[in-house]
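Worksheet: one structure, shown below.
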Amino acid sequence: MKIFASILNIPWLSLKKALLSLKEGGIDGIHLDIMDGHFVDNISFGPWIVEVVREVLPETLLNAHLMVTNIRKFARKFIEHGVKDITVHVEIVSLDDIKFINDIGGRAYIALNPETDIVKLNSFYRFVEGVLVMSVHPGFGGQRFIPSTFQRIASIRHENICVDGGVNLSNIKDVFQAGAKRVVVGSAMFKEEDIQATVRRFKNA
């Protein structure tokens, strides 16, 4: 069981303090939500965020979740900044894009939105490291977990499944029992005053 923290909604002035709390709590990885205002409405941050995270967490796994239209440009930038795990969306990615990510030293993951037919994953399975199942609609934090996600997890033919969105201490056990190997937690972690203790609660759930 792996817990990755999404830092999307952490106030900028509190970011380094939050990262230190994540480190002390034993977080497994950091999930970077990269948005360009095209594939989703929101805009987040660019590759520079890697340097900020690495100051506090030099060895922790990072995954860049690219909710962008210019996939190759963003993938190259993040790989050049040392982020190997690159997640792209099946709704807009091509098989050539996946091969491009792998060819330049990345490890490609494929994501799909809640309304996307799972059969669209079929041609990608053998070229990706894992599948990211969106359990909310991408672009904004703080949404509620979509219950149909459980059935979608069971239908995915890949051994490495991550679930992203609306995961909290009330549903995390059910998410892992459904077959997920990794979850992304955002708002449910950072709304708590003691982030370090909250990380441990998630890891022990």
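Laboratory data are not the source of any read-out in this text; all were calculated from the coordinates shown. Fair warning: this is a prediction, and the values are worked out from it, not measured in the lab. Note that each Cβ is placed from the backbone with ideal geometry, even for glycine, and that neighbours are counted across all protein chains shown.
Between Glu192 and Phe45, how high is the FRET efficiency from 1/(1 + (r/R0)^6) when r is the Cβ-Cβ distance and R₀ = 30 Å? Nearest 0.05.
0.85
Judged by the gyration tensor of its Cα atoms, with axes a ≥ b ≥ c, the range 114-198 is prolate; a/c meets the 1.5 cut and a/b is the larger of a/b and b/c.
Each Cα pair under 8 Å and six or more residues apart adds its separation to the average, and for the range 2-203 the resulting relative contact order is 21 percent.
Sparse packing (at most 14 other Cβ atoms within 10 Å of the Cβ) combined with a DSSP loop state is found for the following GluC sites (Glu not before Pro) in the range 35-91: Glu59, Glu91.
Within 10 Å of each residue's Cβ, count the other Cβ atoms and sort Met35, Met189 from fewest upward.
Going from least to most buried by this count: Met35, Met189.
Annotation for the range 161-192 versus the range 96-160: alpha-carbon center distance of 15 Å. Computed from the Cβ-Cβ distance with R0 of 35 Å, the FRET efficiency linking Leu169 to Lys16 stands at 0.90.
Taking the number of other C-beta atoms within 10 Å as the exposure measure, put Thr116, Thr149 in order starting with the fewest.
Numbers: Thr116 16, Thr149 24.
Least crowded to most crowded, the residues run Thr116, Thr149.
Here the range 2-203 is assigned +1 on the Cβ of each Lys and Arg and -1 on the Cβ of each Asp and Glu. Its dipole about the Cα centre then comes out at about 360 debye. Short-range pairs are left out: with C-alpha atoms under 8 Å and at least six residues apart, the relative contact order of the range 113-205 is 25 percent. Cβ-to-Cβ counts within 10 Å put Leu13, Leu95 in ascending order as Leu13, Leu95, the fewest first. P(r) tail, the range 1-89: Cα-Cα pairs separated by more than 14 Å, 62% of all pairs. The tail of the calculated P(r) for the range 2-203 beyond 29 Å holds 16 percent of all Cα-Cα pairs.
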